[in-house]
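Undergrad: One structure, pasted below without further comment.
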There are 2 protein chains.
Amino acid sequence: MICVLTGGTGGAKFVDGLRRVIPAEELTIIVNTGDDDDWWGLYISPDIDSIIYVLAGILSGERGWGVRGDTFHCLRAMKDLGEPTWFSVGDRDLAVHLMRTKLLSQGCTLSEVTRIIAERFGLSSRILPMSDQRVQTRIDTPAGELSFEEYFVKRWFQDPVNSVRFAGASETVPAPGVLDTIASAQAVLIAPSNPVTSIGPILAVPGIREALAQTKAPVVAVSPIIGSAAVSGPAATLMAAHGLEVSIRGVAAAYQGFLDMLVAHTSDAAVAEALTTTRFQVHCANILMETQQDRSQVARTALSLACPQIVTAYAAEVE
Amino acid sequence: MICVLTGGTGGAKFVDGLRRVIPAEELTIIVNTGDDDDWWGLYISPDIDSIIYVLAGILSGERGWGVRGDTFHCLRAMKDLGEPTWFSVGDRDLAVHLMRTKLLSQGCTLSEVTRIIAERFGLSSRILPMSDQRVQTRIDTPAGELSFEEYFVKRWFQDPVNSVRFAGASETVPAPGVLDTIASAQAVLIAPSNPVTSIGPILAVPGIREALAQTKAPVVAVSPIIGSAAVSGPAATLMAAHGLEVSIRGVAAAYQGFLDMLVAHTSDAAVAEALTTTRFQVHCANILMETQQDRSQVARTALSLACPQIVTAYAAEVE
């Protein structure tokens, strides 16, 4: 079993690659829930949704979030009613939010809800929220402290960032299965997600960082940074605000203490070489995921480094 | 000000007629909430919605409920997820349910929520739920006790009916404004709604029947029964189960103690004559509301009998 830590659109693309390279049932995906928010009275878990949709093969490739070909009639009706509409919820997407909210109100945990929804989609991967308790990623900006969705979606990540905190994280525990998965995985992969706001909240849940340091499995991350810029999104700004150098050096620093290997872009070969030690390797490859083939290739690269036998085992079967 | 008691599709058609005959701001509409139900975790108030939509000019004429031209993408996604879909909620319709549910969860009363939603639609009529407390119309059938929506929508009102009760009604009070409206109206109109499950729940709220008996305004009902059959829906079955004759006699009996005048179909002239006393009149007219013109005509007939001066006042202005 391969464990993946993920969040954001880069994470969803990476998981899309993985599901094309090895069977979905080999994957257990630990997902960031720091972006979770209340929207129109519904509990929205954007990163879990993206993973569900990508595994179900219905993630919108065009948008990178939501359901492919979705319509927005309810959203427009909400706009006509004068309700906020800066967070786009499609009509089909709504079904998942409604179902999750109903199950949570009936007393299910987020893990249970996620398992039920994944089952209804017929998914064979295991999807685990990082915690069943609420962690809220809060972005402190000159305009005030914002939720991640406010910062990212509503305000187009244009605000300067003073700092980032994960409100509530210290009082949480990992969701059932999270620590076991990290301990018993053949490999732990960290998706090319934003280290601060996608992977950071996961690492802020007490016990997860320690489990990553202690697991016998190799821990391999794919860099979301090429040179001194993020492949997409606000990772660079957020890393800088979090005191991390915007480079593969910064990525390595974010994961210090448990990362065994970093997959960096070929253009970062010089820094990679300088970073490599006897206990920490940096492997250079193409890590851009522009096409579906790219995604599979990046997944295959990470898997080959972390767990070559699984790639060999399934090489003929998948794709 | 004209007060209207209403519920169901017949009630919505009648209100559609009224809004075409007198200005909407002259109308205060007291609406049945006995059909209210929880659906996908949302609070649904079907009769309030129909009145909102008809006043907004967007009620589907084809279906008699929901928003004209609405789509059902969320419903289909719910079906794919294995959730119940026998109660059809359109994508635009969802917006109202979401907004209502959110406001209720924030502590608003149903009256407040209804006022806010009506304002957002730009409506100038006043819409009052019969009560802010929950009343649940329960239909006892050989298949067990059903909610009104289960009986009516899920099972197509095919079950024999043993009895009908309005669970919780005795512990409720009329919503703010209901008693005042009845007391101070120029006329009270009872829509051609099902006397048992549309008007019955309103009358079951303690104080409303007394207010109708005491008001100085004439109380005029339009019959939902022609001959020995309902114009539409399960009114006949429900009236019989409730011990009411399925005829205009039964309608008169349901409203005994406060009804001053009943508008019946011309084909019921003989019974009408027999029913008429010095204190209770039955007026015969065409009460079928097949076309928009019919609706206006039925509204005009009821208004002319109850409050001729308002019809004269606005005769030139509206339509």
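Undergrad: So, restricting to helices (runs of 4 or more DSSP H) that lie completely within region B:84-186, which ones have at least 2 residues that are among the β-branched types (V, I, T) and under 25 Å from B:C74 (Cβ atoms)?
TA: Correct list: B:91-105, B:110-120.
Undergrad: Suppose we filter A:R120, A:R76 for residues that are at the interface with chain B (Cβ under 8 Å from one of its Cβ atoms), farther than 30 Å from A:P206 by Cβ, over 23 Å from the mean Cα position of the chain (by Cα) and surrounded by fewer than 23 Cβ atoms within 10 Å (Cβ to Cβ); which single one remains?
TA: A:R76
Undergrad: From the list A:G82, A:G64, which residue is modelled with pLDDT under 95 and either under 25 Å from A:A211 (Cα atoms) or out of contact with any strand residue (DSSP E or B) (no Cβ under 6 Å at 6 or more places or on another chain) (or both)?
TA: Just one listed residue meets the conditions, A:G64.
Undergrad: Considering only residues that are free of Cβ contacts under 8 Å to residues at least 40 places away in the same chain, charged (D, E, K, R) and more than 8 Å from chain A (Cβ to nearest Cβ), which ones fall in region B:88-114?
TA: Hit for region B:88-114 is B:E112, nothing else.
Undergrad: With respect to the numbered conditions (1) touching a residue at least 60 places away in the same chain (Cβ under 8 Å); (2) within 13 Å of B:Y255 (Cβ to Cβ); (3) within 15 Å of the chain's Cα centre (by Cα), which one is the sole condition not fulfilled by B:L203?
TA: B:L203 satisfies all of (1) touching a residue at least 60 places away in the same chain (Cβ under 8 Å); (2) within 13 Å of B:Y255 (Cβ to Cβ); (3) within 15 Å of the chain's Cα centre (by Cα) except (1).
Undergrad: On the basis of being modelled with pLDDT of 95 or more, more than 30 Å from A:R165 (Cα to Cα) and not hydrophobic (A, V, I, L, M, F, W, C), does A:D93 make the cut?
TA: Judged against the criteria, A:D93 is not a match.
Undergrad: Looking at region A:50-68, is at least one residue in a loop (DSSP other than H, G, I, E, B), buried (at least 19 other Cβ atoms within 10 Å of the Cβ) and of a type in the set (S, T, N, Q)?
TA: no
The values are calculated or read from the model by the stated rules, or taken from the named source; none is laboratory data. Since the model is a prediction, treat every value here as computed from it, not as a measurement. When we count neighbours, we look across all protein chains shown, and the Cβ atoms used for this are built from the backbone with ideal geometry, even at glycine.
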